[in-house]
Amino acid sequence: MMNRIELEGCAVDVIPVVRGLVSEADRVERMVTESTRAVAVSLSREEIEGIRSSTGPMGYDPSPTEEIYARLLARFGEVQLPPPCHVAAVRAADNAGLPLVPLDMNEDLFSERYTELVRVRDLVSESLRARRAKHRTFIADSLVDFVMEWDDWINASAGFRRLEEERLVHMAQVLHNSARHHSSMLAFVDLELHQRLLGLL
């Protein structure tokens, strides 16, 4: 569900996207039209450059956690990594010659905050949860509920939760700053972050 908000005199459409679903690519591409003035996406600068230089799915090396997520997500449709919604947003903006705003922390900042917030026990917890997820029955029977349940499950440890909250605050600040330079903007945000980001805007 798209939410239109006014930021710094800019009309920002905040659009939730599901990482991994192939069907999301067409939806994203259709939303980037001649009237679009700028595009933002919940990726880092380095992730955007990685998509630009990618040779496609065969050149992408998913993490073990991503592989498990992809297998579980497949009951809702065809799945591909890297996430087609992200690839479509980057390529649609580039093809239209539009400014493309990376909302997420760059690698240096992310590494700094990761080192500060995530402890060994958080890493152990994430690894164990990823392995248990292979055999866990997720009760969600809708796509939206599954994505939210997965996020709650895999990021349950305090360190990863704090890191995710700091990422959201960063994204909100970037959106505010970018909005000052455009009359309108499309912001494609991962579904599990969407509502919490809106709460910070």
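Give PRO82, PRO102 a once-over and let me know the one that is out of contact with any Gly (no Cβ under 7 Å at 6 or more places or on another chain) and at pLDDT below 95. Break it down stepwise before answering.
Values: PRO102 fails: at pLDDT below 95.
None of the others qualify; the one that does is PRO82.
Return a yes/no flag: does the range 56-65 have any residue that is in contact (Cβ under 8 Å) with a residue 40 or more places away in the chain, over 28 Å from GLU34 (Cα atoms) and not small (Gly, Ala, Ser).
yes
Quick check on this structure: which one of LEU193, LEU175, LEU168 is modelled with pLDDT of 95 or more and over 14 Å from the mean Cα position of the chain (by Cα)? I'd like the intermediate steps shown before the answer.
Values: LEU193 fails: over 14 Å from the mean Cα position of the chain (by Cα); LEU168 fails: over 14 Å from the mean Cα position of the chain (by Cα).
So the residue among LEU193, LEU175, LEU168 that is modelled with pLDDT of 95 or more and over 14 Å from the mean Cα position of the chain (by Cα) is LEU175.
Among the conditions (1) more than 23 Å from ARG196 (Cα to Cα); (2) free of Cβ contacts under 8 Å to residues at least 60 places away in the same chain; (3) in contact with a Ser or Thr (Cβ under 7 Å, 6 or more places away or on another chain), the only one that SER157 does not satisfy is (1). Cβ-Cβ distances below 6 Å connect no pair with a first residue in the range 173-201 that is without any contact (Cβ under 8 Å) to a residue 12 or more places away in the chain and over 15 Å from MET1 (Cβ atoms), a second residue that is outside any strand (DSSP E or B) and of a type in the set (D, E, K, R), and a separation of six or more residues or different chains.
Give me the residue from the range 153-201 that is in a loop (DSSP other than H, G, I, E, B) and touching a Leu at 6+ places or on another chain (Cβ under 7 Å) and, out of that set, surrounded by the fewest Cβ atoms within 10 Å (Cβ to Cβ).
At the first step, the residues of the range 153-201 found to be in a loop (DSSP other than H, G, I, E, B) are 155-157, 180-183, 199-201.
Going one step further and asking which of them are touching a Leu at 6+ places or on another chain (Cβ under 7 Å), we end up with 200-201.
Working: LEU200: 14, LEU201: 16.
Residue satisfying both the conditions and the ranking: LEU200.
Considering the range 103-120, the residues that are charged (D, E, K, R) and free of Cβ contacts under 8 Å to residues at least 60 places away in the same chain include one that is surrounded by the most Cβ atoms within 10 Å (Cβ to Cβ), namely ARG113.
If the condition is being within 24 Å of LEU200 (Cβ to Cβ), of a type in the set (A, V, I, L, M, F, W, C), touching a Leu at 6+ places or on another chain (Cβ under 9 Å) and outside any helix (DSSP H, G or I), then the range 11-37 contributes VAL12, VAL14, ILE15, VAL17, VAL18. Scanning the range 121-150 for residues that are at pLDDT 90 or above, surrounded by fewer than 17 Cβ atoms within 10 Å (Cβ to Cβ) and of a type outside the set (Asp, Glu) gives SER142, LEU143, VAL144, MET148.
The values are calculated or read from the model by the stated rules, or taken from the named source; none is laboratory data. Note that the structure is predicted; figures quoted are calculated from it, not measured. With ideal geometry, Cβ positions are generated from the backbone for all residues, glycine too; neighbour counts draw on all protein chains shown.
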